[in-house]
Amino acid sequence: MITKSSLYRKEMLYGYLFILPPILGLLIFVMFPFLYSLYGSFTDWDGLGQMNFIGLANFKDLLTDDLFYKAMFNTFFLMLGIPIGLLLALLLAMGLNRKIPGTTTFRVIYYIPVISSLAAVSIMWNWAYNGDYGLVNQFLDLFGIKGPNWLANKDTVKPALIIMTVWKGLGYTMLLYLAALQSVSRTYYEAAELDGANGFQIFRNITWPMVKPVTFFLIVTNIIGGSQIFTEMNIMTPTGGPEYSSASIVFYIWQKAFSNLQMGYASAMAMILGIFIFVITLVQFKMNEKSAYDGD
């Protein structure tokens, strides 16, 4: 006879078996590498030989490393594309939320860059930014404007990368905003129109508060993703750009780890980057709690 306790134990066993794969994945592919990298940040290690413990020496060296500060500045500068992308995506979503012909086609067109290979997109934009025969300069030439060699000029390489990253992620952001807008009940807008509210007042008091949760999600995920940007500059400016003006912090970490074989020093930078991402995300959550909007 099967007792209640034996059935309970059997269900518990099955439950543990179901959650075992993700737990093992977390331990093997997240926790172990994190702890190993944390220890590595306190060592002098080339990634192959013995790990020699040197205490805080790597972190002290970071304080006097000009390229580290430059890479961090470049990373922050490239994040200027986040608010630009959010604004453009929201405007596009509001336009495509209207009942006009062709909206489905435009949604597909805007989303194509999102599903395209990042490497392929980077190669395409690398060609488009070419100073001699690039498509961007050919377009500017139609208006009598002589375009620069975008990726070989320290003043234009970061804006060029921002344009490319905004274009690449615009469709994804637009689609999330569009979903948020379509979930807003029409009764809010109808009531506002009956009260005589104009377009700006409707946006400020109805549309913006209702899409705020999506905006919060996008800001957090874009900051995390922007902090780890790497593929674009590795393909478009493989040396870090003129005067190291396009190198991100992850590019510098990769260069130190795999080009210079300074794995311990790279691990120390990775820890600093991880702390930065954690702090920024925590601040965003605290700010969101203070300005949370309840649609009910």
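A few points about this structure:
- Couplings 3J(HN,Hα) for region 148-162, derived from phi with the Karplus relation 6.51 cos²θ - 1.76 cosθ + 1.60 (θ = phi - 60°), are x, 7, 3, 8, 10, 10, 5, 7, 10, 5, 5, x, 5, 5, 5 Hz, where x marks Gly and Pro.
- Residue 53-residue 179 pseudo-label distance in nm [points 7 Å out on the Cα-to-Cβ vector]: 4.8
- What separates the Cα centres of region 174-200 and region 46-73 is a distance of 51 Å.
- Where 283, 220 fall by accessible area, highest first, once all protein chains stay in place (1.4 Å): 283, 220
- Helical content alone sets the calculated 222 nm signal of the chain at -21500 deg cm²/dmol, taking -39,500 (n - 2.57) per DSSP H segment of four or more residues and averaging over every residue.
- Put a dot 7 Å past the Cα of residue 63, heading toward its Cβ, do the same for residue 11, and the two dots end up 5.8 nm apart.
- In plain terms, if you count all Cα to Cα distances in region 169-296 and split them into 10 Å steps from zero, the share in each step is 11, 28, 26, 18, 12, 5, 1 percent.
- When 64, 75 are compared by accessible area of protein heavy atoms, the largest-first order is 64, 75, using a 1.4 Å probe.
- Heavy-atom accessible area, probed at 1.4 angstrom with all protein chains present, ranks 245, 117, 6 as 117, 6, 245, highest first.
- A Gaussian network model of the chain, with springs between Cα atoms under 10 Å, assigns the largest mean-square fluctuation among 134, 15, 196 to 15.
- Between residue 38 and residue 112, the simple spin-label model (points 7 angstrom out along Cα→Cβ) gives 4.7 nm.
- For the chain, a Gaussian network of Cα nodes joined below 10 Å ranks 256, 146, 168 by mean-square fluctuation, and the top entry is 146.
- The chain: proportion of alpha-carbon pairs further apart than 28 angstrom, %: 56
- Solvent-accessible surface (1.4 angstrom probe) belonging to residue 167, in square angstrom, nearest 10: 90
- Highest-MSF residue in the chain out of 162, 275, 249 [GNM, Cα springs under 10 Å]: 275
- For region 86-153 and region 216-256, distance of Cα centres in Å: 20
- Sequence-ordered 3J(HN,Hα) estimates for region 68-81 from the Karplus curve with 6.51, -1.76 and 1.60 and θ = phi - 60° stand at 4, 5, 5, 5, 5, 4, 4, 4, 5, 4, 5, 6, 4, x Hz, glycine and proline given as x.
- For region 12-105, the share of alpha carbon pairs falling in successive 5 Å distance bins from zero is 2, 9, 9, 9, 10, 10, 10, 11, 11, 10, 5, 3, 1, 0 percent.
- Every pair of different Cα atoms in region 135-239 enters the Kirkwood calculation, which places the hydrodynamic radius at 17.2 Å.
- Taking the chain and dividing mean pair separation by its residue count, relative contact order in percent (alpha carbons under 8 Å, at least six apart): 29
- Annotation: amide H of residue 44 within the under-5 Å range of 52, 53, 54, sequence separation 5 or more or interchain, hydrogens built in the peptide plane.
- Accessible surface of region 99-216, 1.4 Å probe, proportion on carbon and sulfur as whole %: 64
- Using a probe of 1.4 angstrom and keeping all protein chains present, the accessible surface of the chain works out to 61 square angstrom per residue.
- The figure for residue 26 is an accessible area of roughly 90 square angstrom, using a 1.4 Å probe on the protein chains alone.
The values are calculated or read from the model by the stated rules, or taken from the named source; none is laboratory data. The shown structure was predicted, so the numbers you read here are calculated from the model rather than taken from an experiment. Here the Cβ is made from the backbone with ideal geometry for all residues, glycine too, and neighbour counts use every protein chain on show. Heads up: the accessible areas ignore ligands, DNA and RNA and are worked out on the full protein's heavy atoms, side chains in. Shrake-Rupley method; radii C 1.70, N 1.55, O 1.52, S 1.80 Å.
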